[in-house]
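Enquirer: Quick one: this structure, given as structure tokens, is what I'll be asking you about.
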Amino acid sequence: MLAIAVAAAAVVLLPHGERAAADPDLVTNELCIVAPATPYDPASGLAMLAPRPIPAAARCPVCGMYPARFPRWAAQSIFRDGAAHYFDSPIDLFAFLQKVDRYDSRYALNEVAVSFVTDFETGQWIEAQDAFFVHGSSAFGPMRDADLPAFASREAADALTRSRGGRVLAFTEVTPELIQSLNRSVHHRH
């Protein structure tokens, strides 16, 4: 019975008149199912656009991991209506910002009011646009792979490069090409 339901769902989800590609390299993986953005809770006592604690059940809309399990790497984007998406790493935040509507069709990039990353050194939230990111260090992120640890100060980012390698980048220097090169999952391909 379950197999019939899965097969029926697959037929419904395929565009009319098309079949699934036999060549796995042709699969675009355009279907992405994620949990909805977490709505703003006025009873939280936080300003609508303030960074907030990550709910334990929140899932990253890019990779599906639980960001609350990776507080040193976590990030979040808050929309103008106060709803938020949470990310397990800066890489997934950047991937999301490159194509917001792919990960949540209810929103577009111009509806993102602010994004935050966790300061790798202090654990405090900092605005992503003001952060310094270290690319190419030996500090592995939640997926046990290269990531972009974030820092509130250039000096703290420089200190990590001295001890663990890499180079410091400002927010605007983190390009789509860099994020593409760091992505390690099929669902990140564009």
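Taken together, the values in this text are just the output of simple stated rules run on the coordinates, not laboratory data. Because the structure is a prediction, the values reported are computed rather than measured. With ideal geometry, Cβ positions are generated from the backbone for all residues, glycine too; neighbour counts draw on all protein chains shown.
Enquirer: In whole Hz, with x marking every Gly and Pro, tabulate ³J(HN,Hα) for region 94-102 from phi via Karplus 6.51 cos²θ - 1.76 cosθ + 1.60, θ = phi - 60°.
Expert: Karplus values, whole Hz, x for Gly and Pro: 4, 4, 4, 5, 6, 8, 3, 5, 5.
Enquirer: Let me ask you something else. With +1 on each Lys and Arg Cβ and -1 on each Asp and Glu Cβ, and nothing else charged, work out how big the dipole of region 26-147 is about its Cα centre, in Debye to the nearest 20. Can you show the working numbers first?
Expert: Values: 9 positive and 14 negative charges, 51 e Å.
With only Lys, Arg, Asp and Glu charged at Cβ, the dipole is about 240 debye.
Enquirer: Hey, can you grab everything whose amide H is under 5 Å from the amide H of Ala113? Only 5+ residues off in sequence or another chain; H modelled, so Pro and N-termini drop out.
Expert: Those lying under 5 Å, H to H, from Ala113 are Ile78, Phe79, Arg80.
Enquirer: Another question about this same structure. Loop-only check: which trypsin sites (Lys or Arg not before Pro) in region 44-76 are DSSP coil with at most 11 other Cβ within 10 angstrom?
Expert: Numbers: sites: Arg59, Arg69, Arg72; in loops: Arg59, Arg72.
Loop-located and lightly packed - none at all.
Enquirer: Could you give the length gained by full extension between Glu155 and Arg69, i.e. 0.36 nm per residue of separation minus their alpha carbon distance, to one decimal place?
Expert: Numbers: separation 86, 0.36 × 86 = 30.96 nm, distance 2.71 nm.
My answer for the length gained is 28.2 nm.
Enquirer: I would also like to ask the following. Taking θ = phi - 60°, what integer Hz values does the Karplus form 6.51 cos²θ - 1.76 cosθ + 1.60 yield along region 40-45, in sequence order, with x for Gly and Pro?
Expert: 5, 10, x, 6, 5, x
Enquirer: Quick one: order Thr172, Thr122 by neighbouring beta-carbon count within 10 Å, fewest to most. Write down the numbers at each step before the final one.
Expert: On the way: Thr172 7, Thr122 12.
Going from least to most buried by this count: Thr172, Thr122.
Enquirer: Can you give me the long-range amide H partners of Ala131? Hydrogens built in the peptide plane at 1.01 Å from N, cutoff under 5 Å, separation of 5 or more residues or another chain.
Expert: The list, which skips near neighbours in sequence, is Phe171.
Enquirer: Determine ³J(HN,Hα), in whole Hz, for all residues of region 72-79 in sequence, where each value follows from phi through the Karplus function 6.51 cos²θ - 1.76 cosθ + 1.60 and θ = phi - 60°; x replaces Gly and Pro.
Expert: Karplus values, whole Hz, x for Gly and Pro: 6, 10, 4, 8, 7, 10, 10, 8.
Enquirer: Which of the trypsin sites (Lys or Arg not before Pro) across region 127-171 are loop residues per DSSP, with 12 or fewer other Cβ within 10 Å? Kindly include the intermediate steps, with their values, before the conclusion.
Expert: On the way: sites: Arg144, Arg154, Arg162, Arg164, Arg167; in loops: Arg144.
Answer in residue order: Arg144.
Enquirer: A follow-up question, please. For region 30-128, which GluC sites (Glu not before Pro) are in a loop by DSSP, counting at most 15 other Cβ atoms within 10 Å?
Expert: Loop-located and lightly packed - Glu30.
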